[in-house]
Amino acid sequence: MTSTSRSSGRAGRAVRWLLAALLSAFLLGEWSGWRFLHRPVEAVASQASGLTVRFEDPFRLRLVPRPSLSGGGLTVQAPPQDTGPAADADESLTQRDPLASLGAWSLDLGYGDLLPWPPVFDKAKIIGGTIDVEIDPDAQWSWPWPTDPENMNRTLPIRRLSIPEPLEVRIRHTERDFDLTVALTTPSGPDSNALFAHTTGQWSGLDLDLRAEAPHALSANLGADAQPLNANGSVGGGALAFEGSIAPPWSDPSLRGELEVTAPTLAAVLPRAAGSVPRTAPVSVTTHLDLDWPNVRLRDLHAGIGESRLMAELDIDTGVTPPRLTGSVAASLLRPVDLRAEPRDATSGADGPGNGTLPEFSIERSTFTGMDVALDLHVARLELASDRLDDVRELSANLAVGNGVLSVERLTATLADGTVRAGVRLDSHDASRAPSLDFDLRWQDIDIARWLTGDAAGTFEGRLDGEAKGESSGNTADELLRGLSGRMRARTGDARVSSALVEWIGLDIAEGLGATDETGTPVSCLLVDLPVTKGVAEMNVAVANTPDSLIYATGEIDLAGERLDLRIVSSPKDWSPLDLDAPITVTGSFSDPEIGMAAGQIAEDALASLVLGAVNPLAAILPMMDFGTDAARSGCQAAREAARNLAEGARGG
């Protein structure tokens, strides 16, 4: 045997021994699950994910018949907060709460899937566990989802996912009232591609219990493409149904589709950020939802609140504090009674805000400090809470809420062929003071005959102009009324009082009006000037001028207590105190006034005082009023002259 043959034989044996050793090592590795690769695989997973990944025992890696990886558990943590000598001395600098803690898990992939990096797993199985996600005040997620455009639409490298036992994903906001738990499961059976989610928890004070199904979520890579989603359940005290699509948070998180909400009252489904909301009539809402975190768009929104019907286009930015709401709201019909379904307590006494005629409410500062709102409003028909008054039409306004201030600006409306303009400001930004209210209301050319409806129709004809300005402070309707100070002025001319109203007023005043026939009594001037101080309106001027008489009213109106204390006196222009009956009194509550007769005849000096007291205020107010027509102005000038003549007669002049 030559040396060459011996060398070749030794080489062959060496190769066989090497192959045998490699095969033995491979078989030993397969038998042991390649446990010695436990830490190196952790390091590779941590480097690829940018997180700290730990695989719990028993760790198993298999290479035949196809690569697979499994473990008894898995934890994922954010990268260390600090490194270096300081971290070595203080472990708290490196220890962070786990982002995910999973139960038993397994991953399968084909050899062809190893060529791209990171690899794409053919199958993944997770047997329960928890994932914690926190959102900070800057709307940043604790999971490092990519934010650069190149990686925003990357896929999760899993083709098929199996979750036979619930995997709980807990999502919390570090500052807002937001704490949800989403339990994810997949149905059994190899042909099912559905993913189920059961969401429970709280969002801004509302309890949530929603069940959702993504029927085709697992039919392809768990990637960036939006997947169909159906959901229904309860939100607060209402019911919710959704049909649309969802894109996952590791992509460009979004939610789009048709949303329907029903509730017994609006307060049952509005988040705490909306502040204190009164109980309304039953609510139903349908809208197209576009949610691109953190922005929410509500398009083609249709809402019914009782009989009220609203439409809206709204944008909500939840990435700022407080959330910002902008858009437009239009109503074909708006009934204030629908917005406050709970009636007031009609038995409230003098210490409360009256007997239920005026609205009752309280101001919650959180309603204005926790909101940032800018809305354009348009109401085709505003139904007043009275069967005797016509509705307001074509109301438009700009509503803004921010920094503790609510303002209604550029309000315009049509009322009985006339116009109404107003502005309101409620300022509650200073927590050391009660909220302050300022308002300015003006009305012009209101056709009274059209405004009065029902059993009041046809009782009065004429055009009404006027204004009301005031300011107050307080936390409730009662406090605002008690603190109200301002002035209200109104006038009408070329008017006519119907014979039916004259008869209802009473015989004594009817006789004082003078000539009355089936067409009623003409009133050439009606002027009212009401200064208001601390919630009490005093009749500075209240005069009506008819062909034969002047009618005066004096007294007070307690707005907070909703009480009347008025006297009405009719004075013939050919006045003689011996012929004058006692004044008519109007007392009692707003809702149930009592009309009576003062005892005895009015004294001459009392009438003189009444007439003299009306002359100077009447003279002062005339130049301030816009009478619209010369006839209306001349009628009120005539009233002033008649009052002067009566005053002189009362003096005995």
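Read-outs: derived from the displayed coordinates by stated rules, not from any lab. Owing to the predicted nature of the structure, the values given are computational and were not obtained by experimental measurement. Note that we place each Cβ from the backbone using ideal geometry, even for glycine, and neighbour counts take in every protein chain shown.
Here are a few things to note about the model shown:
- R0 of 22 Å, Cβ-Cβ distance R388-T587: FRET efficiency to nearest 0.05: 0.55
- Potential lengthening between M311 and N403 on full extension [0.36 nm per residue; Cα-Cα distance subtracted]: 30.4 nm
- 3J(HN,Hα) along the stretch 229-236: 9, 10, 8, 7, x, 10, 10, x Hz, from the Karplus curve 6.51 cos²θ - 1.76 cosθ + 1.60 with θ = phi - 60°, whole Hz, x for Gly and Pro.
- For a label point 7 Å along the Cα-to-beta-carbon line of R35, residues of the stretch 41-71 with backbone N under 16 Å: 41, 55-62, 70-71
- Between the beta carbons of D438 and E594, assuming R0 = 35 Å, the FRET efficiency works out to 0.55 to the nearest 0.05.
- Extension gain, A431 to A374: 0.36 nm times the residue separation minus the Cα-Cα distance gives 18.2 nm.
- For the stretch 371-501, the alpha-carbon coordinates run over 55, 31, 23 Å along the three principal axes, in decreasing order.
- Stretchable slack from N232 to E258, in nm (0.36 nm times residue separation minus alpha-carbon distance): 8.2 nm
- With a simple spin-label model that places each label point 7 Å from the Cα along the Cα-to-Cβ direction, the separation between D455 and D290 comes to 5.4 nm.
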